[in-house]
Amino acid sequence: MCGRLTQYCGIHDFVAALSMPGALQNNVGGQQLERYNVAPTTPVAVLRQEDSGLRADLVKWGWRPHWATDRAAPINARVEKVAHGAFFRAIWPHRAIAPVDGWYEWVDEGGPKKQPYYIRRRDGQPSLCASIGQFAGGEHDGFVIITADAQGGMVDVHDRRPVVLSPSLARQWVDPALPKEQAEQLALNLGEGPAEFEWYRVSSAVGNVRNQGQELIRPLG
């Protein structure tokens, strides 16, 4: 996952895709997000569950522990290592869903520059990405998206993909009562496969983070 995503739907659209009943503590707002070129270190809408119910917050995309000041904050965590490595140990219990409309990857096709592709679900629903983070309400808050090896034709676009969960599995993922061992197995084995997605070439304008708008996700040609 190269580090650009889209969140152009509204938070209520994302909550509807999650299909979780009960009240929502919405700290994002009710308008369409209209973000077609979301870069690392910027706020992203995430969903997580507390004792009082589901809540939506804007959280910085990227996190590192307080002792890792010698490196940039990662935006992703490899599912094969995230549950056992020291780097993410402090936030592994704090699970969330990053609901995205899609994400971008860049592919070397032999031209002078890599070709950007846009990836989204074939059914038009948001992708519910398994995530973990620090959500204490302070300046060190942040989150990372969990990634796995790409499969099928998606390998031709990038060798890693977000762990995207079905709504029922996403509800399990954010449940604080789910044991950490079961959460690990869920992320390792039950992410959506490549048949659920489509991908196509898009304009190189997405390479400039200042560019926004629907034209960025339109297929070339």
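The values are calculated or read from the model by the stated rules, or taken from the named source; none is laboratory data. These numbers were taken from a predicted model, which means no experiment stands behind them. Please note: Cβ atoms are built from the backbone with ideal geometry, for glycine as well, and neighbour counts cover all protein chains shown. In case anyone asks, the SASA skips ligands and DNA or RNA and just uses the protein heavy atoms, side chains included. Shrake-Rupley method; radii C 1.70, N 1.55, O 1.52, S 1.80 Å.
Tell me whether segment 207-214 contains one or more residues that are over 17 Å from L128 (Cα atoms), open to solvent by 80 Å² or more (accessible area, probe 1.4 Å) and out of contact with any Phe, Trp or Tyr (no Cβ under 8 Å at 6 or more places or on another chain).
Among the residues of segment 207-214, at least one is over 17 Å from L128 (Cα atoms), open to solvent by 80 Å² or more (accessible area, probe 1.4 Å) and out of contact with any Phe, Trp or Tyr (no Cβ under 8 Å at 6 or more places or on another chain), which makes the answer yes.
Any chance segment 15-25 includes a residue that's open to solvent by less than 50 Å² (accessible area, probe 1.4 Å), touching a Gly at 6+ places or on another chain (Cβ under 9 Å), among the polar types (S, T, N, Q) and not in a loop (DSSP other than H, G, I, E, B)?
Taking every residue of segment 15-25 in turn, none turns out to be open to solvent by less than 50 Å² (accessible area, probe 1.4 Å), touching a Gly at 6+ places or on another chain (Cβ under 9 Å), among the polar types (S, T, N, Q) and not in a loop (DSSP other than H, G, I, E, B).
Mind checking whether some residue in segment 34-44 is buried (at least 17 other Cβ atoms within 10 Å of the Cβ), over 12 Å from the mean Cα position of the chain (by Cα), within 29 Å of R122 (Cβ to Cβ) and among the acidic types (D, E)?
No, segment 34-44 contains no residue that is buried (at least 17 other Cβ atoms within 10 Å of the Cβ), over 12 Å from the mean Cα position of the chain (by Cα), within 29 Å of R122 (Cβ to Cβ) and among the acidic types (D, E).
Between residues in segment 199-221 that are closer than 8 Å to Y36 by Cα and residues that are among the aromatic types (F, W, Y) and surrounded by 12 or more Cβ atoms within 10 Å (Cβ to Cβ), which pairs lie under 7 Å by C-beta distance while being six or more apart or on different chains?
Taking only residues 6 or more apart or on different chains, the pairs are Q212/Y36; G213/Y36; Q214/Y36; L216/Y36; I217/Y36; I217/Y118.
Of the numbered conditions (1) open to solvent by 30 Å² or more (accessible area, probe 1.4 Å); (2) of a type in the set (F, W, Y); (3) assigned to a helix (DSSP H, G or I), W173 fails exactly one; give the number of that condition.
Every listed condition holds for W173 apart from (1).
Could we say that A195 is without any contact (Cβ under 8 Å) to a residue 12 or more places away in the chain and either surrounded by fewer than 19 Cβ atoms within 10 Å (Cβ to Cβ) or part of a loop (DSSP other than H, G, I, E, B) (or both) here? Quick ask: steps written out before the conclusion?
On the way: without any contact (Cβ under 8 Å) to a residue 12 or more places away in the chain: no; either surrounded by fewer than 19 Cβ atoms within 10 Å (Cβ to Cβ) or part of a loop (DSSP other than H, G, I, E, B) (or both): yes.
Against the criterion (without any contact (Cβ under 8 Å) to a residue 12 or more places away in the chain and either surrounded by fewer than 19 Cβ atoms within 10 Å (Cβ to Cβ) or part of a loop (DSSP other than H, G, I, E, B) (or both)), A195 does not qualify.
Could you figure out which of (1) open to solvent by 70 Å² or more (accessible area, probe 1.4 Å); (2) modelled with pLDDT of 95 or more; (3) more than 15 Å from S131 (Cα to Cα) isn't true of L190?
Condition (3) is where L190 drops out.
Which of the residues spanning segment 48-88 are in contact with a helix residue (DSSP H, G or I) (Cβ under 9 Å, 6 or more places away or on another chain), crowded, with 18+ Cβ neighbours inside 10 Å and not hydrophobic (A, V, I, L, M, F, W, C)? Walk me through it before giving the result.
Within segment 48-88, the first condition is being in contact with a helix residue (DSSP H, G or I) (Cβ under 9 Å, 6 or more places away or on another chain), and the residues that meet it are 48-49, 54, 56, 79-80, 82-84.
Next, from what is left, pick out any that are crowded, with 18+ Cβ neighbours inside 10 Å: 48-49, 54, 56, 79, 82-83.
Matches in segment 48-88: R48, Q49.
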